[in-house]
Amino acid sequence: MGAPHGHALHFHGHSPVHRLPAHVKIVVLVGYVLAVVATPRGVFWPYAAHLLALAGAVAGSRVPLPHLAKRLVIEVPFVVFALVLPFVATGPRTAVGPVEISQPGLEAAAALLAKGTLGVLASLLLAATTEPRDIVAGFEKLRLPQPLVQIMSFMLRYTEVVAADLGRMRVARESRGFRARSVRQWPALGATLGTLFIRSYERGERVHLAMLSRGYTGRLPTLRPLTATGSQWAAGVLLPIACGFVSAAAVLAG
């Protein structure tokens, strides 16, 4: 129960990006995403500049590209929606081979893919260079409301515990010959999820009582206080500021 959890996305390293305090990287991520989202519609050259800036950060982090590429699968829903958008959107149509697609829909799909990919890649870089508990501490340093900080902390702590419970229940079912091969087995799977919910709820009550018995007053102790120097802030905010200027230039040029 005391082992570390939530390291699936993290890549251990000692690069300058790894050494930046978590709250600085969170601010940088938010600023970068805002700069990307602010890119005007129908203008695509700023995305090349945003990608180049992010590539520089990835190179500075020394995180292998395959480590990030494998985790880009989380973007699949955005990709599917972007592929469908040109066929269902309204507006002037243009012929692409034997089919006609919406020209505004095609532009919107391209922008969605670009913004989604850059945002997801930047988020993965944050996760790869920052321990999960440091990310939680970073949000606390940025004055995120305590209930949200505590929800995030417990989620990181107990996600693997609940997943292990589910794995043991799956092994128990299969050891008794159960195989979910058709819709008729769905009620058994529903019962499994119901049992898992009850177990998790009961565990939450036990944890809460244990915390109260140890003097919990509604705020978790800060185990890893974060500090950042002026040079660290300057190095961090350089990325979103540069991308912000690129988006502003695109807006003014349009």
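Tabulated data
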{"read-out": "Cleavage-rule hits, chymotrypsin sites (Phe, Trp or Tyr not before Pro), the stretch 197-254, DSSP coil, Cβ neighbours within 10 Å at most 15", "value": "TYR216"}
{"read-out": "Residues in the stretch 148-162 reached by a label modelled at HIS12 [backbone nitrogen below 20 Å; 7 Å Cα→Cβ]", "value": "157, 160"}
{"read-out": "Listed residues SER61, PRO16, VAL73: farthest to the positive end of the dipole of the stretch 1-100 (Cβ charges)", "value": "PRO16"}
{"read-out": "Solvent-accessible area, 1.4 Å probe, carbon plus sulfur percent, for the stretch 158-197", "value": "63"}
{"read-out": "Solvent-accessible heavy-atom area per residue, rounded to whole Å², over the chain at 1.4 Å", "value": "61"}
{"read-out": "Total formal charge among the other residues, if their Cβ is under 13 angstrom from that of PHE87, Lys/Arg +1 and Asp/Glu -1", "value": "0"}
{"read-out": "At 1.306 mPa s and 10 °C, Stokes diffusion of the stretch 193-254 via Kirkwood alpha-carbon radius, µm² per second", "value": "94"}
{"read-out": "Environment charge of HIS18, counting only residues whose C-beta is closer than 14 Å and scoring Lys/Arg +1, Asp/Glu -1", "value": "+1"}
{"read-out": "Contour minus Cα-Cα distance for ALA253 and ALA172 (0.36 nm per residue)", "value": "22.8 nm"}
{"read-out": "Gain on full stretching of the segment that runs from LYS70 to TRP186 - 0.36 nm per residue minus C-alpha separation", "value": "38.7 nm"}
{"read-out": "Approximate shape of the stretch 139-197 as ellipsoid semi-axes (Cα gyration tensor, √5λ), whole Å, largest first", "value": "35, 12, 7"}
{"read-out": "FRET efficiency estimate (nearest 0.05) - Cβ-Cβ, ALA59 to LEU226, R0 30 angstrom", "value": "0.75"}
{"read-out": "Lysines with Cα under 26 Å of LYS115, excluding same-chain neighbours fewer than 8 positions away", "value": "LYS25, LYS70"}
{"read-out": "With every protein chain in place, the stretch 1-154: carbon and sulfur % of accessible area (1.4 Å)", "value": "74"}
{"read-out": "Gain upon complete extension [HIS208, THR90; 0.36 nm per residue less C-alpha separation]", "value": "37.2 nm"}
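The values are calculated or read from the model by the stated rules, or taken from the named source; none is laboratory data. Since this is a predicted model, take the numbers as computed values, not measurements. Backbone-built Cβ (ideal geometry, glycine too); neighbour counts: all protein chains shown. For the accessible areas, the whole protein counts, side chains as well, though only heavy atoms, and no ligand, DNA or RNA atoms are used. Shrake-Rupley method; radii C 1.70, N 1.55, O 1.52, S 1.80 Å.
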